[in-house]
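What follows is a short report on a single structure.
What follows draws every value from the coordinates through simple rules; no lab data is involved. Keep in mind that what you see is a predicted model, and the values were worked out from it rather than measured. Cβ sites come from the backbone with ideal geometry, for glycine too, and all protein chains shown count toward neighbours.
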Amino acid sequence: MRPLSLKWRLSLLVTLVVAVVVGAVSATAYVRIRRTYLGHIDRMLTIMGNALATKVDPPRPSTDLEAEARHITRSPWKGTGTHFRIWTAGRPDDLAAGGAEAGKKAAFLWDLPAERRPSPGQAVFFDVQDKKKHYRLLWKCLSGDGGDTHIVIAHPSSYEHRRLDEVLATLLLAGGGLILATAVLGTWLVRLGIRPIRQVTDRLSRLGAEDLGEERLGDLAVPRELEPFAQAVERLLERLDAALEQQKQFASDAAHELRTPLSVARSTLELTASQPRVTDDTRAAVEEALGDLDRMDRLIAQLLTLARIDRTRGMPEPVAIRLDAMLHELAAEYHALAAGEGGAVTAGDLAPCVVQANEKMLGLVFRNLLDNALAYGPAGGTVRMDLAYGPGACCTATVRDEGGGLPPDALPHLFDRFYRVESSRNRGTGGSGLGLAIAREVVRRHGGDIWATSSPETQTTLHVRLPCTGEAGDGPEE
């Protein structure tokens with residue numbers, strides 16, 4: 001399971017902290033409000049309990065005590081009934097019991113929770129619920145010579161509990177809304193806070209090898225805490241650019257240095273093959289060596305081409321080119337080459353369009369694609385070239401051969417330098433793995449894209465998409 005992103009972890013942390021604070025504040029507020037609501041009842045019960053305690057000692061007849069207790073516990077609020085019960089521990093009969101109104105008794109006064117029982121000389125307050133009514137109780141214990149005397153007074157508190165339920169609902173609603181708002185606002189603020197990281201990431205994802213030495217992150221509004229991160233990234237890009245430049249310079253220098261010894265070797269081999277006393281076996285070996293030198297010459301030429309492309313920014317000397325006419329001419333040129341081996345190169349549907357490009361380099365792209373199709377397609381097969389508009393202000397050219405079966409995991413790497421699909425390509429064909437890499441670099445510098453698709457045992461298609469500056473009025477000339 002993947003860990004949560006930094007954005008969500010920070011958002012959850014902020015929300016959790018706010019939830020804890022809101023919960024603590026709400027709980028404190030509820031306790032204080034509850035104490036306020038029930039405090040006036042407790043004060044009234046305390047006054048009643050103290051008054052009854054003075055009537056119990058010395059003992060009085062039950063009828064007199066009950067009448068006095070009913071008088072003392074009469075509530076000042078109209079419509080409320082206060083109940084009482086007075087008894088001595090160990091005696092079967094109560095000293096007095098009833099309500100403020102004669103004849104009314106509360107059964108729950110005879111079923112009190114044992115854990116609430118006070119010690120002698122103490123008084124406790126607690127709540128009970130009888131059916132749907134709430135009561136606030138005072139339980140007071142008096143010690144005496146005849147045993148412990150208990151006084152219980154119950155006053156209705158349903159109104160107070162309804163108000164407390166409303167307060168609780170309000171606190172829950174307000175607290176929940178605040179937590180939800182904090183979650184939404186916190187997520188937005190966290191996202192705003194880590195925007196510089198996302199901007200650096202987006203900037204880096206668009207970088208190409210040619211941009212490493214020029215990329216600077218100073219224009220981004222990076223917080224002070226992230227400045228060391230941005231500076232470290234800039235230094236890393238500088239080191240990468242220096243390493244790539246050294247690699248490119250090495251390839252260019254090596255290609256230049258190899259041309260002279262290869263030329264000398266070619267001259268020596270050709271002179272040897274021209275001698276009349278050379279045997280047939282020696283001449284065959286010399287011809288094979290000359291073929292290897294031809295492949296090395298092509299490899300060196302491709303390395304030098306890549307070196308020149310790497311040193312340029314964009315594409316030099318762009319001109320308006322009829323792409324359909326270029327493809328039509330290349331199809332005719334390569335058809336003559338393929339026909340000698342029983343194959344064919346055809347121009348299919350070529351939509352007339354104009355592109356801004358360097359004519360020589362763009363021609364090199366399609367020559368490399370055609371060379372690739374003829375070299376690795378089936379012998380005697382047909383290569384077809386098409387050109388269509390779209391998507392948007394672009395045109396897409398395709399070069400399709402009749403060979404297929406490229407593994408899907410190889411398609412993204414076909415345009416990497418020196419990449420070869422070993423299952424279908426061997427060094428005997430003369431391929432170096434640089435032709436498609438050159439094509440990709442040129443297409444990218446024209447603001448386009450290139451990719452490949454392959455169907456098993458059916459066909460392989462190379463796609464080139466370029467910005468199209470307009471449609472041509474006439475088709476290609478025959």
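Within 14 Å, Cβ to Cβ, of GLY343, how many net charges do the neighbouring residues add up to if Lys/Arg are +1 and Asp/Glu are -1? Write out the running numbers ahead of the final one.
Details: positive: ARG384, ARG400; negative: GLU333, GLU341, ASP371, ASP401, GLU402.
Local net charge: -3.
So for ASP386, ASP294, fewest C-beta neighbours within 10 Å to most, what's the order?
Details: ASP386 18, ASP294 13.
Final ranking by Cβ density, sparse to dense: ASP294, ASP386.
Taking H as built 1.01 Å from N, whose amide H comes closer than 5 Å to the amide H of ARG74, not counting residues under 5 places away?
The answer is none.
I'd like the GluC sites (Glu not before Pro) in region 84-171 restricted to DSSP loop residues with at most 15 other Cβ atoms within 10 Å, sorted by number. Don't skip to the end; give the middle numbers.
Numbers: sites: GLU101, GLU115, GLU160, GLU166; in loops: GLU101.
Hits after loop and neighbour filter: GLU101.
DSSP loop (so not H, G, I, E, B), at most 13 other Cβ within 10 Å: list which GluC sites (Glu not before Pro) in region 310-409 pass both filters.
Values: sites: GLU329, GLU333, GLU341, GLU359, GLU402; in loops: GLU341, GLU402.
Counting only loop positions with at most 13 other Cβ atoms within 10 Å, the GluC sites (Glu not before Pro) in region 310-409 are GLU341.
Mind giving me the nanometre distance, one decimal, between the label points for ASN50 and GLU68, set 7 Å out from Cα along Cα→Cβ?
1.7 nm
So what J values fall out for region 38-48 if you push phi through Karplus, 6.51 cos²θ - 1.76 cosθ + 1.60 with θ = phi - 60°, rounded to Hz, Gly and Pro as x?
Coupling constants for region 38-48: 8, x, 5, 5, 4, 5, 5, 5, 4, 4, 5 Hz.
Provide, for q = 0.12 Å⁻¹, the log10 of I(q)/I(0) from a solvent-free Debye sum over equal Cα point scatterers in the chain.
Summing over Cα pairs of the chain leads to -1.12.
Which percent, nearest 5, of DSSP beta bridges in the chain are antiparallel?
On the way: 53 of 58 bridges.
Approximately 90 percent, going by the DSSP bridge assignments.
Summing -39500 (n - 2.57) over the DSSP H runs of n ≥ 4 in the chain and dividing by its residue number, what mean residue ellipticity at 222 nm do you reach, to the nearest 500 deg cm²/dmol?
-17500 deg cm²/dmol
What does the net charge come to around LEU168 if you take all other residues with beta carbon closer than 12 Å to its beta carbon, with K and R at +1 and D and E at -1?
Working: positive: ARG34, ARG162, ARG163; negative: ASP165, GLU166.
For residues surrounding LEU168, the net value is +1.
To the nearest 10 degrees, how steep is helix 158-193 against the longest Cα principal axis of the chain, on a 0 to 90 scale?
Here the helix axis deviates by roughly 20 degrees.
Compute the helix-to-body angle for 62-72: its Cα long axis versus the longest principal axis of the chain, expressed 0 to 90° and rounded to tens.
On a 0 to 90 degree scale, this one is about 50.
Quick one: LYS133, LYS360, fewest Cβ neighbours within 10 Å first, how do they rank? Write out the running numbers ahead of the final one.
Details: LYS133 15, LYS360 10.
So the ranking, lowest neighbour count to highest, is LYS360, LYS133.
Rank the residues SER205, SER11 as a footprinting-exposure proxy: fewest other Cβ atoms within 10 Å of their Cβ go first. It would help to have the intermediate numbers written out before the result.
Details: SER205 7, SER11 22.
Sorted ascending by nearby Cβ count, the order is SER205, SER11.
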